[in-house]
1. Work out, step by step, the length gained on full extension between ASP325 and ASP188: first 0.36 nm times the residue separation, then minus their alpha carbon distance; give nm to one decimal.
2. Using a 1.4 Å probe on the protein chains only, how many percent of the accessible area of region 139-354 belongs to carbon and sulfur?
3. With labels modelled as points extended 7 Å from the Cα through the Cβ direction, what inter-label distance (nm, one decimal) is found for ALA26 paired with SER160?
4. As a test of reading the structure, rank MET248, MET122 by solvent-accessible area (1.4 Å probe, protein chains only), most first.
5. Looking at the square roots a ≥ b ≥ c of the eigenvalues of the Cα gyration tensor of region 139-354, which shape do they give, rounded for a/c under 1.5, prolate if a/b is larger than b/c, or oblate?
6. Using 0.36 nm per residue of separation minus the Cα-Cα distance, give me the extension gain between SER339 and CYS312 in nm, one decimal.
7. Rounding to the nearest 20 debye, state how big the charge dipole of region 139-354 is about its Cα centre with +1 on each Lys and Arg Cβ and -1 on each Asp and Glu Cβ.
8. Span-like helices, the chain: DSSP H, alpha-carbon axial extent 27 Å or more, mean Kyte-Doolittle 1.0 or greater, which ones?
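The values are calculated or read from the model by the stated rules, or taken from the named source; none is laboratory data. Predicted, not measured: the structure shown is a model, and the values here were computed from it. Here the Cβ is made from the backbone with ideal geometry for all residues, glycine too, and neighbour counts use every protein chain on show. Surface areas here come from the heavy atoms of the whole protein model, side chains and all, with no ligands, DNA or RNA. Shrake-Rupley method; radii C 1.70, N 1.55, O 1.52, S 1.80 Å.
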Amino acid sequence: MAFAPMGPEASFFAVLDQHRASLLAALRRGGGEPAGGGTRLASRFEDSVGLQMVSHCTTRKIKSDSPKSVKNFALILKILSMIYKLVQSNTYATKRDIYYTDSQLFGNQTVVDNIINDISCMLKVPRMSLHVLSTSKGLIAGNLRYMEEDGTRVHCTCGSTAVAVPSNIQGIRNLITDAKFLLIVEKDATFQRLLDDDFCNRMSPCIMVTGKGVPDLNTRLLVKKLWDTFHIPVFTLVDADPHGIEIMCIYKYGSMAMSFEAHNLTVPAIRWLGLLPSDIKRLNIPRDTLIPLTKRDQMKLDSVLKRPYVTCQPFWRKEMEIMADSKMKAEIQALTFLSSDYLSRVYLPNKLKFGGWI
């Protein structure tokens, strides 16, 4: 074993072990990941990968002799030249670094981000192959060790302090864990509360990750790498609201904007652990601790319900319909009505022990 067991007895993880066995069986049956291709302008859904680019679609043309696109064409060439130098010298730069080489010319960071995505799509290679990194905002804690590209050894712990997600996920190696599961936590505040409540130690061996809301590219790459390397069950803990569901879908199925890199970013094996809309009624959470859905929430919920992957997730659809019917949403913090540590000491342990995920 890579780590000394500190958590519950082995029998606690019986249902988790069964779930992992079923995931491995599905992989052996041929749940492979077909490669994507095409452009960023459209996508299709594959249940084994998520949202991917379509093979054939209309492309967007940028001409060097067109007044409307000549500046964008010039910026693409400038960034391509910078990428060429990075690849030739085997060095890396962040998108922020590229922007600050000539901030007046680029205008804003979004321009650089979009062009790099376009180049990655045009060349049909992951962004890492361009030697362009994203700044990480995610955190990781738990039973995990690895070595970064420069030889730095990182030992994540179950203490009160988490480790920042590395900027170069492709470069990390020698990953070691005996974790029984990986828990993705939507919000940093909830993640920190679980660390403060010693959840990670009491549920050891496990790994926790947060992308602090909508996940950055590196956090998604890390979750994908951990799944590909260890094939341990991956669960999400998000607010029972359309925004939380959207974030969960990004980890599981990806997004339209990054569909050209779906096979490097998505983990369709992810399961929804909580907070489920049905839990609100089951646990008798008072209505005055809930929040009415706004018009924007309702539009987001309707949009998610129409997505192709919801058709293969009937239990998810049922939960979202419960939310739509009640016209209410709930944050994870609503569980504190039951007790201040109900989430870490009762809710999550029971969900994990008895298979309360969908």
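1. 46.4 nm
2. Values: 4480 of 8470 Å².
Heavy-atom surface of region 139-354 belonging to carbon and sulfur, 1.4 Å probe: 53 percent.
3. Once both label points are built, they end up 3.9 nm from each other.
4. Values: MET248 0, MET122 115 Å².
Result of the area sort, largest leading: MET122, MET248.
5. Details: a/c = 2.14, a/b = 1.35, b/c = 1.59.
Oblate is the answer for region 139-354, as a/c is 1.5 or above yet b/c matches or exceeds a/b.
6. Working: separation 27, 0.36 × 27 = 9.72 nm, distance 3.55 nm.
Separation in residues times 0.36 nm, less the Cα-Cα distance, equals 6.2 nm.
7. Details: 28 positive and 24 negative charges, 110 e Å.
The dipole of region 139-354 has a size of about 520 debye.
8. On the way: long enough: 70-89 (29 Å, 1.10).
Long hydrophobic helices here: 70-89.
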